[in-house]
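Okay, structure first, notes after.
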Amino acid sequence: MDDSAIVELFWKRDEQAIAATTEKYNVYCLSIAMNILGNIEDAEECVNDAYLNTWNSIPPNKPKMLSTYLGKIVRNMSFNLYKKNRAKKRTNGRFTLILDELSEIITDSKNIEDEGNARFLLENINSFLKEIPAEKRQIFVCRYWYSDSVRDIAKRYGMTENNVSVTLKRIRKKLHDYLVERGVDL
């Protein structure tokens with residue numbers, strides 16, 4: 001079933017919308033949640049909550065790309081659960097490592113807690129990503145949006161793990177310099 005048909009089921013409040021969404025996107029959503037949480041039970045909980053959240057938000061929303069819409073919901077819910085678990089000292093080493101990598105770019109998290117600063121930062125990151133070669137952009141997104149491991153990225157792009165790590169480090173450095181040049185307060 002295509003996305004527009006699934007969205008129409010949501011709009012009609014037809015419970016088949018959840019079944020169709022699960023059938024088409026469950027693996028995708030679980031992979032996003034697992035990459036962030038590292039725990040299948042938590043990942044399944046987030047995905048199920050995301051389906052409920054989707055049910056409650058369509059209507060009024062009518063997403064054109066259901067996969068992107070779901071991915072964003074799952075990702076945000078996974079981050080929230082990660083933060084909650086981290087407060088309880090139940091951390092996932094991979095995601096902690098990813099946050100540490102990003103801390104090279106953004107050194108003061110208080111500056112991005114303000115919505116205006118966060119939006120300005122996001123606009124500049126998106127502009128930067130448009131300017132770099134497609135493969136580097138894809139590697140960056142795999143790591144920092146989908147939280148893929150360096151090993152998985154290396155396999156996907158036919159690279160060594162060391163090459164992926166070096167590429168990511170160089171992209172982070174260029175991104176940091178790009179943001180500083182544009183006056184983003186890091």
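The values are calculated or read from the model by the stated rules, or taken from the named source; none is laboratory data. Since the model is a prediction, treat every value here as computed from it, not as a measurement. Don't worry about glycine lacking a Cβ; one is built from the backbone with ideal geometry, like all the others, and counts go over all protein chains shown. For accessibility, only protein heavy atoms count, side chains too; no ligands or nucleic acids. Shrake-Rupley method; radii C 1.70, N 1.55, O 1.52, S 1.80 Å.
Okay, here's what the table says:
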{"read-out": "Rounded accessible area of GLU15 (nearest 10 Å², 1.4 Å probe)", "value": "150 Å²"}
{"read-out": "Projected label distance in nm at VAL27 and LYS84, using a 7 Å step from Cα toward the beta-carbon", "value": "2.9 nm"}
{"read-out": "Charge dipole (debye, nearest 20) of the range 3-89; +1 at Cβ of Lys and Arg, -1 at Cβ of Asp and Glu", "value": "520 debye"}
{"read-out": "Sparse-neighbour loop sites [trypsin sites (Lys or Arg not before Pro); the range 1-81; at most 12 other C-beta within 10 Å; DSSP]", "value": "LYS12, ARG13, LYS64"}
{"read-out": "Chain lengthening between THR68 and LEU52 when straightened (0.36 nm per residue, less Cα-Cα)", "value": "4.1 nm"}
{"read-out": "By accessible area with a 1.4 Å probe, ligands and nucleic acids excluded, highest first: order of ASP148, ASP49", "value": "ASP49, ASP148"}
{"read-out": "Heavy atoms of ILE132: accessible area, 1.4 Å probe, square angstrom to 10", "value": "20 Å²"}
{"read-out": "Linear extension gain, GLU131 paired with ASP2, 0.36 nm per residue minus alpha-carbon span", "value": "43.2 nm"}
{"read-out": "Rounded FRET efficiency, nearest 0.05, which uses the C-beta distance separating LYS173 from GLU44 and R0 of 35 Å", "value": "0.40"}
{"read-out": "With all protein chains modelled, accessible area of SER4 [1.4 Å, Å²]", "value": "70 Å²"}
{"read-out": "Above-threshold pairs, the threshold being 22 Å between Cα atoms, out of LYS24/LYS84; LYS12/LYS62; LYS12/LYS64", "value": "LYS24/LYS84"}
